[in-house]
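In what follows, a structure is listed as structure tokens, so that the remarks can point back to it.
A short reminder: the numbers here are calculations on the coordinates, not readings from a lab. Model, not experiment: these values are computed from the prediction. Cβ coordinates were reconstructed from backbone atoms using ideal geometry, including for glycine residues, and neighbour counts include every protein chain displayed.
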Amino acid sequence: MTEPPLIDGADDKAGGDVPAADPRGWALPRTVSVSDLGPLAEPISEHNGQAIAVTPLKKHPGWLAKLYRPDQHPEDADRLDLLISAPDTLPEADRALLYTGTCWPAARIHERGNPAVGCVIPMAPEQYRRELRRGAFSERRFVEIDWLAKSDESIRGIGLPTPGFAGRLAACRRLTELAAILENLGLVYSDWSFSNAFWSPDQRSVYLIDVDGCQPKKMPDIHQPNWADPLTPPGTDADEYTDRYRLGLLVAKCLTGQRDAHAFHTVAACHWQNQPAVSEALLDMLLATDRERRPSAAQLGQALDGGPYLRTVPRPTRTALPPLPVQLPIPQPPVPAPMPTPTVKKPEPNSHAAWILVLALAVIVLFVIASNH
């Protein structure tokens, strides 16, 4: 892999007086003070991850101030400057995709004694917000990509148009394109999961958030339930190979509409639209026993675009597919015990009828005797 351009020469482009080459509508300097931003609105998010607040800027609609906890590392200022300058190193098409498909930071916020108070980021476009139906109620909110990892029936149930395979494929292509750009820049994202991307079913596109946390080459691997890389031991850093595993897992779940081991088995069986190249690339990402033989995001992207999966290393050995979850029997309501059959007491013989019969026989006998005399 060539040395990433972000590491090689962005320092001379990160000066505070240089306007950002940013087509998103606000040519602000790359470093700004808190006072430069003007009044802040009420936070739309608080105490989430590394941020203490994400707050709209009243004078600049569509822009947010993401304010960090005060315990950030001193080198975070340099890291943010590198991120802000990174798009300048990209081809125009990739730069446009990074700006339209992510909330890429536009400026570093500083104040006296704290060079990394936070950063200025764009708000996600309105196309990623929809009216979601919940029973008799509805709420307009951003649609997390979490919904693509569910069935078309579930998606239709909240009032969204069903994506079908074509819609799922288009969203996964965009995810993979963004991942390839980050990988080419030498950046580790690590946060590939359901909560860090929005999905537009109408535009068939995705929007990646929390990208200001990217770090060059490696970063602490924060545990995420159900997203743990089996080949990144606990306590070690996440790197590009960790990213490849998590990207593959996210794509597999979104492409199949399944959230558990069924996604692995569906990919392996290639039950969707006969995509063997996609299946092979995903299985190498997810099951390779050698993490460094996991295919890159670009290789997966080529397969998703209908091209071949061209391995740059010998085919890796793979672990077995994870076991399918045990389907527990659906509990049935207890069957009520049968009601006992009431014992019917037989009526005792009618003693009066017996005596009448005896008397009738006696009369007959007496009549017979009298007739003989």
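Taking 0.36 nm per intervening residue step and subtracting the Cα-Cα distance, what contour gain separates ARG69 from HIS271 on full extension?
On the way: separation 202, 0.36 × 202 = 72.72 nm, distance 4.62 nm.
Once the chain is fully extended between ARG69 and HIS271, it gains 68.1 nm.
Loop-only check: which GluC sites (Glu not before Pro) in the stretch 53-118 are DSSP coil with at most 11 other Cβ within 10 angstrom?
Working: sites: GLU75, GLU92, GLU111; in loops: GLU75.
Taking the stretch 53-118 and a limit of 11 other Cβ atoms within 10 Å, the loop GluC sites (Glu not before Pro) found are GLU75.
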Item to check | ³J(HN,Hα), Karplus 6.51/-1.76/1.60, whole Hz, each residue of the stretch 189-204, x for Gly, Pro | outcome: 9, 6, 8, 5, 6, 5, 8, 10, 8, 9, 10, 10, x, 6, 8, 6
Checklist outcome for this item: Given backbone amide H placed at 1.01 Å from N, residues whose amide H is under 5 Å from that of THR31, ignoring those fewer than 5 places away on the same chain, are ARG108
Checklist outcome for this item: Spelling it out for LEU132: with amide H atoms placed in the peptide plane at 1.01 Å from N, the residues 5 or more places away or on another chain with amide H under 5 Å from its amide H are GLU139, ARG140, ARG141
Next on the checklist: Taking a ≥ b ≥ c as the square roots of the Cα gyration tensor eigenvalues, with a/c under 1.5 meaning rounded and otherwise prolate when a/b beats b/c, else oblate, which class fits the stretch 186-278?
Outcome noted: oblate
Checklist entry - Tell me, how many Å apart are the Cα centres for the stretch 290-311 and for the stretch 204-243? => result 19
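Just check the stretch 210-253 against the gyration tensor rule for me: Cα atoms, a ≥ b ≥ c as the square roots of the eigenvalues, rounded for a/c under 1.5, and otherwise prolate or oblate depending on whether a/b exceeds b/c. Walk me through the intermediate numbers first.
Numbers: a/c = 1.62, a/b = 1.18, b/c = 1.37.
Verdict is oblate for the stretch 210-253.
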Checklist entry - Tell me, in nm to one decimal, what length is gained between TRP26 and PHE165 on full extension, where the rule is 0.36 nm per residue of separation less the Cα-Cα distance? => result 46.3 nm
Checklist entry - Amide H of TRP63: which non-local residues (sequence gap of 5 or more, or other chain) have their own amide H closer than 5 Å, using H built in the peptide plane? => result LEU57, MET123
Checklist entry - So what J values fall out for the stretch 144-161 if you push phi through Karplus, 6.51 cos²θ - 1.76 cosθ + 1.60 with θ = phi - 60°, rounded to Hz, Gly and Pro as x? => result 6, 5, 3, 5, 5, 8, 10, 6, 4, 5, 5, 5, 5, x, 9, x, 9, x
Item to check | Rg followed by Dmax, in Å, when the stretch 110-153 is reduced to its Cα trace | outcome: 17.5, 54
